[in-house]
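Encoded as structure tokens, the structure appears first; notes follow it.
Where a number appears in this text, it was derived from the coordinates with a stated rule and is not lab data. Computed from a predicted structure; not experimentally measured. In this analysis, Cβ positions are derived from the backbone assuming ideal geometry, glycine residues included, and neighbour counts consider all displayed protein chains.
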Amino acid sequence: MLFSVEEVLNVTGGKLWLGDLKGSFHGAVIDSREAGGGELFFPLQGEKENGHKFILDALTRGANGSLLEEEQIPRFTAQSFPPGKSVITVKDSLQSLQKLAGYHRGKFSLSLVAVTGSNGKTTTKDFIASVLSTRYNVLKTEGNLNNHLGLPLMLLRLKKEHQAAVLELGMSGLGEIALLTSLCRPDLGVITNIGEAHLGLLGSKENIARAKGELLVNMDSRGKAILNGDDPFLKQMGREFAGQTFYYGFTEGTSLRVLNSFMDNGGYKFEVLLPDSRVESFWISLPGKHNVYNALAAIAVGLDFSLSLQDIKEGLAESVFSRMRMEKTPVKSGFWVINDAYNANPTSMKYSLQSLKELARNNVKIAILGDMFELGPAAEDRHYELGRILADLGIDYLISVGRLAVWIAQGAGDAGLPPERIFLAGNHEEAVKHVDSLNLPGSYILIKGSRGMQMEKIAGELLKKYN
């Protein structure tokens, strides 16, 4: 049982409109199609849909009950619902979901790790969860359940068999990380870096740092902050944090410092100076120096949990990553497709291009890049700068997709990439046609863009066409 009816009433301040006080719920859903096991349905109201339209569907499919917002009561009568169901009236379904999630978190004394940052938070979360899973039963964020809706749903999945949790905190503006932190009450707070994701929404890197820093501001002073010590914004945050701070990075002064790193067997091998002055080697299956940073955060968490170095090494090496994060797939026609299409911002684009260069080495390097969103007035400049970076890295071909990505092409051309190696595509289909014109055997094709560009469709079409 997740909640009794009485618990829901007490936590939300709601009223039992229909049903039995002795009723109970065995899960929580916000999508009526996922009901079927005695859950409580939360009829959330969004921009496009009103969840109250789906209450009857959720109950018919097997939910034990539903919330009902007070202003929506006139739409229903007691006869509207199947017999034996509980209906609880509340002022706001979303706030009720969040209150119940926070209440449920309070039932567990397990250690909880919260991860945020402009880049790498999902990969870092995956690394940490894999390391901890060598010894513990771990709940980790699934998919994109990292915002004001998703994080409460993840918290409601906590069960007595869980021994640790690793949850990702996303945000779209000031105040959101503060809310999420108050709900999940982390023992360890990990911040990967401060970049330019959401620059258009927040206006400056300083405001982005403020938003991400809400994790530390709202953590208990008995908690520990694990921070990228090479990021100046995070160094300052660490100095201001009331609790203990642990820094990792490549520079002097960090408690966990990389001494040497290099490509090895398609991934990265790196030597780390540990806090006790020992030097140990680690390996990860992902390319890129930026992923070494992500792995360092996981090593720091593993050490805090008193895991053995062997467990930490195995956890890193055996990590399984979320979809569309540097997914490398060999194609029968003799080339590689790298699907890194989950999302993009200027920093993550640069990291991915650097990884493409490292992976491909002397082979042909092709970048299919889409628009980067949420950059505000800086959008054209950031796309142009990315094009120059691409050319400077020696990428052989560029296929730009979208209105803003035209500026990537402009920057690449101005930085010396020959015009016959630059292709402008207005959509996915045109991008695939441009690929058809290239000499593909032995090449590596990177595909990346903001989530709204759905660049993974290009990856899927290439795999379908050439396999």
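Rg of the Cα atoms in the range 3-97, relative to 2.2 N^0.38 Å, amounts to 0.93. The value of relative contact order for the chain, using C-alpha pairs under 8 Å at least six residues apart, is 11 percent. With a Förster radius of 35 Å applied to the C-beta separation of residue 49 and residue 380, the computed FRET efficiency comes to 0.50.
Helix content alone sets the calculated 222 nm mean residue ellipticity of the chain: runs of n ≥ 4 DSSP H residues at -39500 (n - 2.57) each, divided across all residues, give -10500 deg cm²/dmol.
Divide the volume of the convex hull around the Cα atoms of the range 108-317 by the residue count and you get 112 Å³ per residue.
Within straight-line reach of residue 205, meaning a Cα separation under 26 Å, sit the following lysines at least 8 residues removed in sequence or on another chain: 121, 125, 224, 235, 289, 350, 448.
In plain terms, the chain from residue 323 to residue 420 could stretch by 31.6 nm, reckoned as 0.36 nm per residue minus the Cα-Cα distance. The smallest convex shape that holds all Cα atoms of the range 233-373, its convex hull, gives 144 Å³ per residue. Sequence-ordered 3J(HN,Hα) estimates for the range 331-341 from the Karplus curve with 6.51, -1.76 and 1.60 and θ = phi - 60° stand at 10, 4, 6, x, 9, 10, 10, 10, 8, 10, 8 Hz, glycine and proline given as x. For the range 134-176, the residues whose amide N sits under 15 Å from a probe point set 7 Å from the Cα of residue 201 along the beta carbon direction are 144-151, 169-176. Placing +1 on the Cβ of every Lys and Arg and -1 on the Cβ of every Asp and Glu, with no other charges, gives the range 160-252 a dipole of roughly 200 debye about its Cα centre. Between residue 139 and 163, 164, 165, 166, the built amide H atoms are under 5 Å apart, and every one of these is 5 or more places off in sequence or on another chain. Backbone phi angles across the range 378-387, fed through the Karplus curve with coefficients 6.51, -1.76 and 1.60 (θ = phi - 60°), yield HN-Hα couplings of 8, 4, 5, 4, 5, 5, 4, 4, 4, x Hz in residue order; Gly and Pro are listed as x. Set against the 2.2 N^0.38 Å expectation for a compact globular protein, the range 176-277 has a Cα radius of gyration ratio of 1.19. Computed from the alpha carbon atoms alone, the convex hull of the chain holds 155 Å³ per residue.
Full extension of the chain segment joining residue 15 with residue 144 gains 43.2 nm, where the gain is 0.36 nm per residue of separation less the Cα-Cα distance. Taken along the Cα-to-beta-carbon direction at a fixed 7 Å, the label points for residue 454 and residue 137 span 4.0 nm. Between amide H atoms placed 1.01 Å from N, distances below 5 Å from residue 17 occur with 87, 88, 89, all of them 5 or more places distant or on a separate chain. Histogrammed with a bin width of 10 Å, the alpha carbon distances of the range 42-169 distribute as 12, 35, 28, 19, 6, 0 percent, first bin at zero. Derived from the Cα gyration tensor, the three semi-axes of the equivalent ellipsoid of the range 332-451 are 21, 14, 14 Å, largest first. For the chain, the antiparallel share of DSSP beta bridges with both residues in that region comes to about 30%. With R₀ fixed at 41 Å, the C-beta to C-beta distance from residue 77 to residue 163 puts the FRET efficiency at about 0.30. Shown in residue order for the range 403-418 are the 3J(HN,Hα) couplings computed by the Karplus curve 6.51 cos²θ - 1.76 cosθ + 1.60 at θ = phi - 60°: 5, 6, 5, 4, 6, 4, 4, 4, x, 5, x, 5, 8, x, 6, x Hz (x for Gly and Pro).
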